[in-house]
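Visitor: Take a look at this one; I'll ask things after.
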């Protein structure tokens, strides 16, 4: 299966954090910003970095934007540019468009014009969004320190019916299952023989590198 390709428009603090996190996970990332200095700063980290005006339909078409699986519009202050960019991406047929909104009203407008997901950076850190993009099974991602994090992972198909002993997540990936959430119930002392059911959520703690390996294995 071909790796997903991501384009991030707007290399402010939020956009660049999403771009860096996705690149760190090994994905192809195109970074776009009108500011040449910003694109130069990120160019050594992402697959491609281009200085372009995202409100120019021809410029986006020339970049082959419609070939990307997901485009994140992370434009900061300029609400008009954010809305216009979203409209153009929709017209060009981009499969999934995620847009950063400054406030609820901006978010409502973006929803109306066809954004697939609205991101409020105060609530959604760039890193969290990147992990959710890379693996739809990841429901939440919380940094405990620069090296360690906790993630909430919806049990993927490959794990259904298996127990924690069979999965052996600690030995294979160096991560620990802290809890299993089933509906409103939270089991904070899961046993090795507990079998996983559809809809269960694993709460896992580990080193970032190990968590990324686990995510990629069950992508």
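The values are calculated or read from the model by the stated rules, or taken from the named source; none is laboratory data. A quick note: this is a predicted structure, and the numbers were derived from the prediction, not measured. With ideal geometry, Cβ positions are generated from the backbone for all residues, glycine too; neighbour counts draw on all protein chains shown.
Visitor: Go through segment 75-92 residue by residue and tally those that are under 14 Å from residue 7 (Cα atoms) and in a loop (DSSP other than H, G, I, E, B).
Guide: Summing the residues that are under 14 Å from residue 7 (Cα atoms) and in a loop (DSSP other than H, G, I, E, B) in segment 75-92 gives 1.
Visitor: May I pose another question? Looking at (1) part of a helix (DSSP H, G or I); (2) at positive phi, find the lone condition where residue 199 falls short.
Guide: Result: residue 199 passes all but (1).
Visitor: Still on this structure, please answer the following. Within the bounds of segment 25-33, is there any residue that is out of contact with any strand residue (DSSP E or B) (no Cβ under 6 Å at 6 or more places or on another chain) and closer than 21 Å to residue 106 by Cα?
Guide: yes
Visitor: Which residues, taken from segment 21-51, are outside any loop (DSSP other than H, G, I, E, B), within 15 Å of the chain's Cα centre (by Cα) and either without any contact (Cβ under 8 Å) to a residue 60 or more places away in the chain or surrounded by 19 or more Cβ atoms within 10 Å (Cβ to Cβ) (or both)?
Guide: Initially, segment 21-51 is screened for residues outside any loop (DSSP other than H, G, I, E, B), giving 21-24, 28-33, 36-42, 48-51.
Subsequent filtering for residues that are within 15 Å of the chain's Cα centre (by Cα) retains 21-24, 28-31.
Residues satisfying the conditions are 21, 22, 23, 28, 29, 30, 31.
Visitor: Might you check whether a residue that is under 18 Å from the mean Cα position of the chain (by Cα), farther than 23 Å from residue 189 by Cβ and in the same structural domain as residue 31 (by the TED database) occurs anywhere in segment 101-109?
Guide: Yes, the conditions are met somewhere in segment 101-109.
Visitor: Here is a list: 49, 59. Which entry is over 22 Å from residue 130 (Cβ atoms) and modelled with pLDDT of 95 or more? Show your work before the answer.
Guide: Details: 49 fails: over 22 Å from residue 130 (Cβ atoms).
Within the list 49, 59, the selection yields 59.
Visitor: Of everything in segment 32-58, what is in contact with a helix residue (DSSP H, G or I) (Cβ under 7 Å, 6 or more places away or on another chain) and within 19 Å of residue 86 (Cα to Cα)? Give them in sequence order.
Guide: 33, 50, 51, 52, 53, 54, 55, 57
Visitor: Which of the residues that make up segment 169-198 are closer than 15 Å to residue 155 by Cβ, surrounded by 10 or more Cβ atoms within 10 Å (Cβ to Cβ) and free of Cβ contacts under 8 Å to residues at least 24 places away in the same chain?
Guide: Result: 180, 182, 186, 187.
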